[in-house]
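First comes the structure, then the notes that go with it.
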Amino acid sequence: MSVIRSARPDDAPGVVALRAVVHPYLVRGVESTRRMIAHPPPEEDWTAWVAEADGQVVGWASAYRNSQTSEPDVGEVSTLHVHPAHRSQGVGTALLEAALGHLRAIGARRVLTWSQPGSLPFARRHGFTPSRELRYSALDLQPAPPMPEPPPGVRLIPAAELDPRRIHRVDAEASLDEPGDVPTDAMGYDIWHNEVWDNPGLDRNASTVAEVDGTLAAVSLVKRDGDRMWSAFTGTVPGYRGRGLATLAKRAALHRAALGGVRIAYTSNDEANVPMLAVNARLGYRPVATGWSCLRDLT
């Protein structure tokens, strides 16, 4: 019999172990998970729950306000998952009900979540409609990919050597037109600093920014957990696109991550994000899983 309760910071190892079973291609380490539970961003009204059975975490869900969209009253249920041995016992439904109850309480009227293909029947039963397909990809970093040689006027700088405010500007401008279910607003610096720059998983030495004649133009951020990494975001400021800068930044980030002990890199992309899918294909990424965004109104 499972018990649903609010997540606690000391649940982090169990949550990470569960994620490794259900979503082995996702990368968020114990300290990063612990920090998110202990110090959630106040702007997002973030909260999380676990399902516990015999002292083990067998389910997880989090819910929060989307603070990065101009569309009002959007809430998200992120990475709801249940251990395979505890499915079809009402655990997922109980976690989802807790999450939706929280979103109603904070005034959300529309809900976005993500589902594995095999979980789409569950999502549909609970009023969600599949919307956009997502591709998860992996790249073996053994041996380490070579460091790219940038063209004249371009430097590939580790994020650790730069003012984070300058990196935030690139991240914010480059992400505005990412395909998705809701329009994207630039993440404010304070939220970005808390969620990205201060994330214990961010590898500032591997994360790389491309500078063109003194202007930061592209970024590739690396979050890691041991010998696994996640390409948290790669993008180019609109005025500098078409020059291969995202590919250069990501190649350099992968090279530096591999030298730091990373053995495999993961990433995800909307299937409509053709330019980034092409970058990853050139880098040698292979598809490993698919997912779907799903939407419903909250009444």
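Taking the stated definitions as given, is Leu221 under 21 Å from Leu139 (Cα atoms) and in contact with a strand residue (DSSP E or B) (Cβ under 9 Å, 6 or more places away or on another chain)? Spell out how you get there, then give the answer.
Numbers: under 21 Å from Leu139 (Cα atoms): yes; in contact with a strand residue (DSSP E or B) (Cβ under 9 Å, 6 or more places away or on another chain): yes.
In short, yes.
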Output yes when any residue across the stretch 141-151 is free of Cβ contacts under 8 Å to residues at least 12 places away in the same chain, in a helix (DSSP H, G or I) and out of contact with any Ser or Thr (no Cβ under 7 Å at 6 or more places or on another chain), and no when none is.
-> no
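Restricting the stretch 169-209 to residues that are part of a loop (DSSP other than H, G, I, E, B) and of a type in the set (Ser, Thr, Tyr), which is farthest from His255 (Cα to Cα)?
Restricting attention to the stretch 169-209, the residues satisfying the condition of being part of a loop (DSSP other than H, G, I, E, B) are 175-188, 198-201, 203-207.
If we keep only those that are of a type in the set (Ser, Thr, Tyr) as well, we get 175, 184, 207.
Details: Ser175: 23, Thr184: 30, Ser207: 10 Å.
The residue in question is Thr184.
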Name, by its number, the condition in (1) of a type in the set (D, E, K, R); (2) surrounded by fewer than 15 Cβ atoms within 10 Å (Cβ to Cβ); (3) within 25 Å of Gly29 (Cα to Cα) that does not hold for Asp171.
-> (2)
Determine which member of the set Thr236, Thr208, Thr184 is in the same structural domain as Met276 (by TED's automatic domain parsing), touching a residue at least 60 places away in the same chain (Cβ under 8 Å), more than 27 Å from Pro42 (Cα to Cα) and hydroxyl-bearing (Ser, Thr, Tyr).
-> Thr236
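Only one of Pro117, Pro164, Pro152 is under 26 Å from Met229 (Cβ atoms) and in the same structural domain as Val237 (by TED's automatic domain parsing); which?
Values: Pro117 fails: in the same structural domain as Val237 (by TED's automatic domain parsing); Pro152 fails: under 26 Å from Met229 (Cβ atoms).
Among Pro117, Pro164, Pro152, only Pro164 is under 26 Å from Met229 (Cβ atoms) and in the same structural domain as Val237 (by TED's automatic domain parsing).
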The number of residues in the stretch 1-58 that are within 21 Å of Val222 (Cβ to Cβ) and either surrounded by fewer than 13 Cβ atoms within 10 Å (Cβ to Cβ) or among the charged types (D, E, K, R) (or both) is 5
With respect to the numbered conditions (1) part of a strand (DSSP E or B); (2) more than 20 Å from the chain's Cα centre (by Cα), which one is the sole condition not fulfilled by Leu100?
-> (1)
Is there a residue being in contact with a Pro (Cβ under 8 Å, 6 or more places away or on another chain), among the small types (Gly, Ala, Ser) and within 22 Å of Tyr266 (Cβ to Cβ) anywhere in the stretch 141-159?
-> no
Somewhere in the stretch 140-158, is a residue in contact with a helix residue (DSSP H, G or I) (Cβ under 6 Å, 6 or more places away or on another chain), buried (at least 20 other Cβ atoms within 10 Å of the Cβ) and of a type in the set (A, V, I, L, M)?
-> yes
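The values are calculated or read from the model by the stated rules, or taken from the named source; none is laboratory data. The structure displayed is predicted, hence computed values, not measured ones. Glycine also receives a Cβ, built like all others from the backbone with ideal geometry; neighbour counts cover every protein chain displayed.
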